[in-house]
Amino acid sequence: MNCVNNWYIELAEMNHKKHGSPFKYPKSFILFAAIIYSFMRMPYRQLEGYIGKLSTFTPGLKNADYTTLWRRITTMPIPIPPFSEKEDVVVAVDSTGFKVTNRGDWMREKHGKERRGWLKVHIAVDVESKRLVSIEITEEKVVDEEMFRPLLNEVDIKDALGDGAYDKEDAFKFMKEKNVSIPGIKIRKNAKVGPEPTPRANAVLEFKKYGYDSWKKIHNYGDRWAVEGFFSAIKRIFGETVRATSVEGMIAEIKRIFTFYDIILGL
């Protein structure tokens, strides 16, 4: 266990020139505890007892009280593992909702109070490696098309696969700016071509020319299951309800579980 083997070395580096009280637990230990908390969905007091019991079997592993675990885990920055840039990257984009609290349903039913019941998670996934490329979290009313640019703005891609929710002029214009002439965004059945030769108009003409079945093969649209599979795995493992109560805590919790799952994929 790396957090045990390098416990004091890591602490020495963390406390070097640190002002105030020194750290007592290294970052790797907090990451270890956060992974247990997320995957096993333990309350912090139960997590304290679990690690305490584990420490009796693991020489060098120290227990931490639940307050320390809560404070360090909730404030721990968890960046997405660096995405390995490669040529001809094809990404799939989609979104899903995470319920913020079961209590919100009860409040709406009993008191008629409006309370946002969902946070919306937008992600881009590399269809080949199935790894997470980018993630954005918004309130439930934000539509998918608005997050298309933020998701892919920093990513060099060959193609982007998305359902009809991304069939908007700005998405095709954005892909044109990234040198993707016609992306694999599913065109809506009632799509019409206007008088101006816009990027979306070219996509509509291509879609009508080949028909859905042939168009799907041209863009390997079936690979879009990579993003749906990512969401499915996340919800099977972690559920679809966050436990944090503050908005900041909810966003951090969602980012943690998506990042931890991505880390596991890369092992």
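Values in this text are rule-based calculations from the coordinates and carry no lab data. This one's a predicted model, so the numbers in the text were calculated from it and none came from an experiment. Quick reminder, even Gly has a Cβ in these numbers, built from the backbone with ideal geometry, and neighbours come from all protein chains shown.
For every helix of n ≥ 4 consecutive DSSP H residues, a contribution of -39,500 (n - 2.57) applies; sum these over the chain, divide by its total residues, and give [θ] at 222 nm rounded to the nearest 500 deg cm²/dmol. List each step's numbers first, then the result.
Details: 11 runs with 125 residues, N = 267.
Only helices count here, giving -14500 deg cm²/dmol.
Using 1/(1 + (r/R0)^6) with R0 = 51 angstrom and r between the beta carbons of LYS18 and GLU228, what's the FRET efficiency to the nearest 0.05?
On the way: r = 45 Å, r/R0 = 0.87.
Rounded to the nearest 0.05, the efficiency is 0.70.
In bins 5 Å wide, starting from 0, what share of all Cα pairs of the range 42-82 does each bin hold, as a percent?
6, 23, 23, 19, 15, 11, 3, 0
Using 0.36 nm per residue, how much length does the chain from LYS130 to MET76 gain when fully extended, once their Cα-Cα distance is taken away?
16.9 nm
Just tell me, in residue order, which DSSP H segments of the chain are both 18 angstrom or longer along the helix axis (alpha-carbon based) and at least 1.0 in mean Kyte-Doolittle hydropathy.
Membrane-span-like by this rule: 27-40.
Going through the cross-link list LYS158/LYS189; LYS176/LYS208; LYS62/LYS120; LYS99/LYS158; LYS186/LYS235, which pairs have a Cα-Cα distance over 31 Å in this structure?
LYS62/LYS120; LYS99/LYS158
Rounding to the nearest 20 debye, state how big the charge dipole of the chain is about its Cα centre with +1 on each Lys and Arg Cβ and -1 on each Asp and Glu Cβ.
880
Rounding to the nearest 20 debye, state how big the charge dipole of the range 205-267 is about its Cα centre with +1 on each Lys and Arg Cβ and -1 on each Asp and Glu Cβ. The partial results should precede the final answer.
Working: 10 positive and 8 negative charges, 36 e Å.
I would put it at about 180 debye.
log10 I(q)/I(0), Debye, Cα-only the chain, no solvent, q = 0.08, 0.13, 0.16 Å⁻¹?
Relative scattering, expressed as log10 I(q)/I(0), comes to -0.44, -0.93, -1.19.
Could you bin all the Cα-Cα distances of the range 113-267 into 5 Å bins starting at 0 and give me the percent of pairs in each, rounded to whole numbers?
Per 5 Å bin, starting at zero, the Cα-Cα P(r) for the range 113-267 comes out as 1, 8, 17, 19, 18, 14, 10, 7, 4, 1, 0 percent.
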